[in-house]
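The values are calculated or read from the model by the stated rules, or taken from the named source; none is laboratory data. Computed from a prediction, not measured in an experiment: that's the story for all the values here. Every residue, glycine among them, receives a Cβ derived from its backbone with ideal geometry; neighbour counts consider all protein chains shown.
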Amino acid sequence: MKALVISSDIELKSRIGKILSMRNPPIIMLSEVPSMLQNGGVTAIMKPDLVLVDATDHEQHKLAMLEKLALQYPQASLVLLATHQSSDLLIAAMRAGVREVLTLPLAHEQFEEALDRITHKLEGSVPKEGKVLSFISCKGGSGTTFLASNLAYALASLGQKKTLLIDLNLQFGDAALYLSDAKPTMTLADLCGQMNRLDAGLLESSLIRIAPNFGVLAASDDPDPAVEIRPDHIEIILQLARKHYDFVLLDIGRQINGVSIRALDGSDGIYPILQQSLPFMRDGRRLLDIFSSLGYRKEKIHLTVNRYDSSAKLRTSEMERALGNTLAHFIPNNYDVVNESINQGVPALKLARSSSIGKALAEFVNQLTEATPTSGMGMIRRLFVRNHANGGSAGNQTT
Ligand SMILES: Nc1ncnc2c1ncn2[C@@H]1O[C@H](COP(=O)(O)OP(=O)(O)OP(=O)(O)O)[C@@H](O)[C@H]1O
Ligand SMILES: [Mg+2]
């Protein structure tokens, strides 16, 4: 997708360019041709999909330019950036074929939401709502970190999904070490200390990059980090992450506290990891009771058996009966591949794609990447609904 940004404000253009380049897939910003302002955009070779026009100066002139641009590029979505949203301006903008009017100074979230609507309209689909999946141990050492980190890598590499892994082990988190030997420059605790400037760019730059479409937000290696990680921090980070990643996987570890509960609340799916032994069953049962008292639906819980051995004494039917829920996923026991991967800090798929672990991860990815359609909302209605919500006057003109 290509965007043309017409503005004399260099700072605004560079900020927009940065946001566009961070999109998934990135939106290419075309450079403005000097003659464009005079000619009203008669540069057919550019064929932008998106045209953003800053109407700060010469509003009438910019609106006239937009009308010409709409004729020139009928397939393009036009966005007007204005310092105010008077009803006259909104109506003139709509007549000119403008799809969105955004107020300056540009609010990052609002801009991203408008871009979501436009890109999905162009693609004929719906705004991105990534899935948040939480991995939690029924008991220490169940393989939660191995599974969360390696499934995240598999979603990015095999599933071609933009994926984020967040290590929520507030003490002794080690998820990043399972995938890479790189040292994090920023951790979850550092990010929580900068919530006032949190945006997609800051989140992305805080990650250890494992693949172009996969990064890890590492846990702090200080067991008592300077900044407190609060439940509302997690909620805000997850809301942002959902908009920019197809999958957000959380290594919750074993802890049930305010932070992990907020993460579980905000998750689409919870994957308790257990093994085929009585101590795991006991702790698994307790965990499921906690989930039930937290009001989580059964369908949200996907029990996952790690180190699965079909010849184990404890049969899956007995486990399901005792736990009162079906077992959803099975990851085989493969000590050699798993330990080689953890010791080297290299994803298991990279080391042994055709191993039993590699195949199980591929199967897991297949199950997670089945499409789920949702519905959208009309542009004009949205324009006026939003204006109503902001207390603007244009909404009155539509009735
Ligand atoms: N599928 C598997 N096959 C064989 N061994 C495994 C498998 N999964 C995990 N392991 C073993 O279990 C150990 C613990 O795994 P991992 O660190 O992922 O567990 P955890 O639940 O995150 O532990 P903690 O409670 O310490 O956070 C690994 O070092 C590895 O030896
Ligand atoms: Mg762990």
Given (1) aliphatic (A, V, I, L, M); (2) assigned to a loop (DSSP other than H, G, I, E, B); (3) within 14 Å of Phe364 (Cα to Cα), identify the lone condition not met by Leu170. (3)
Output for region 174-189, where each listed residue is touching a strand residue (DSSP E or B) at 6+ places or on another chain (Cβ under 6 Å) and more than 14 Å from Ala152 (Cβ to Cβ): Ala182, Pro184, Thr187, Leu188
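State all residues of region 304-339 that are loosely packed, with under 14 Cβ neighbours inside 10 Å and within 11 Å of ligand 1 (Cβ to nearest atom); if no residue qualifies, say none.
Asp309, Tyr335, Asp336, Asn339
Considering each of Ile342, Ile331 in turn, give the residue that is among the aliphatic types (A, V, I, L, M) and either in a strand (DSSP E or B) or in contact with a Cys (Cβ under 8 Å, 6 or more places away or on another chain) (or both).
Numbers: Ile342 fails: either in a strand (DSSP E or B) or in contact with a Cys (Cβ under 8 Å, 6 or more places away or on another chain) (or both).
That would be Ile331, the only listed residue that is among the aliphatic types (A, V, I, L, M) and either in a strand (DSSP E or B) or in contact with a Cys (Cβ under 8 Å, 6 or more places away or on another chain) (or both).
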Can you tell me which residue within region 314-366, out of those that are among the polar types (S, T, N, Q) and within 16 Å of ligand 2 (Cβ to nearest atom), is nearest to Thr163 (Cα to Cα)? Ser341
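Out of Ile342, Ile301, which single residue is within 12 Å of ligand 1 (Cβ to nearest atom) and either surrounded by 14 or more Cβ atoms within 10 Å (Cβ to Cβ) or of a type outside the set (Ser, Thr, Tyr) (or both)? Don't jump to the end; show me each part of the working.
Values: Ile301 fails: within 12 Å of ligand 1 (Cβ to nearest atom).
Step by step, each of Ile342, Ile301 is checked, and only Ile342 is within 12 Å of ligand 1 (Cβ to nearest atom) and either surrounded by 14 or more Cβ atoms within 10 Å (Cβ to Cβ) or of a type outside the set (Ser, Thr, Tyr) (or both).
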Evaluate the following for Leu179: is it within 13 Å of ligand 1 (Cβ to nearest atom), assigned by TED's automatic domain parsing to the domain that holds Leu351 and of a type in the set (A, V, I, L, M)? yes
Subset of region 160-174 (residues that are crowded, with 24+ Cβ neighbours inside 10 Å and closer than 10 Å to Gly215 by Cα): Thr163, Leu164, Leu165, Ile166
Every listed condition ((1) touching a residue at least 24 places away in the same chain (Cβ under 8 Å); (2) more than 16 Å from ligand 2 (Cβ to nearest atom); (3) not acidic (Asp, Glu)) holds for Arg197 save (1)
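Looking at Leu106, Leu90, Leu122, can you tell me which residue is under 20 Å from Lys13 (Cβ atoms), of a type in the set (A, V, I, L, M, F, W, C) and surrounded by 14 or more Cβ atoms within 10 Å (Cβ to Cβ)?
Values: Leu90 fails: under 20 Å from Lys13 (Cβ atoms); Leu122 fails: under 20 Å from Lys13 (Cβ atoms).
Sole residue among the options that is under 20 Å from Lys13 (Cβ atoms), of a type in the set (A, V, I, L, M, F, W, C) and surrounded by 14 or more Cβ atoms within 10 Å (Cβ to Cβ): Leu106.
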Cβ pairs under 8 Å, 6+ apart or interchain, first in region 134-158 and farther than 20 Å from Ser180 by Cα, second away from ligand 1 (no atom under 13 Å from the Cβ) and among the β-branched types (Val, Ile, Thr), ordered by first then second residue, are Ser134/Ile270; Ile136/Ile270
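Under the condition of being β-branched (Val, Ile, Thr) and more than 12 Å from ligand 2 (Cβ to nearest atom), which residue from region 139-191 is nearest to Val248 (Cα to Cα)? Show your work before the answer.
Residues of region 139-191 β-branched (Val, Ile, Thr): 144-145, 163, 166, 185, 187.
Subset that is more than 12 Å from ligand 2 (Cβ to nearest atom): 163, 166, 185, 187.
Working: Thr163: 6, Ile166: 7, Thr185: 20, Thr187: 16 Å.
Residue satisfying both the conditions and the ranking: Thr163.
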Inspect region 149-165 for any residue being of a type outside the set (Ser, Thr, Tyr) and within 12 Å of ligand 1 (Cβ to nearest atom) and give the result as yes or no. yes
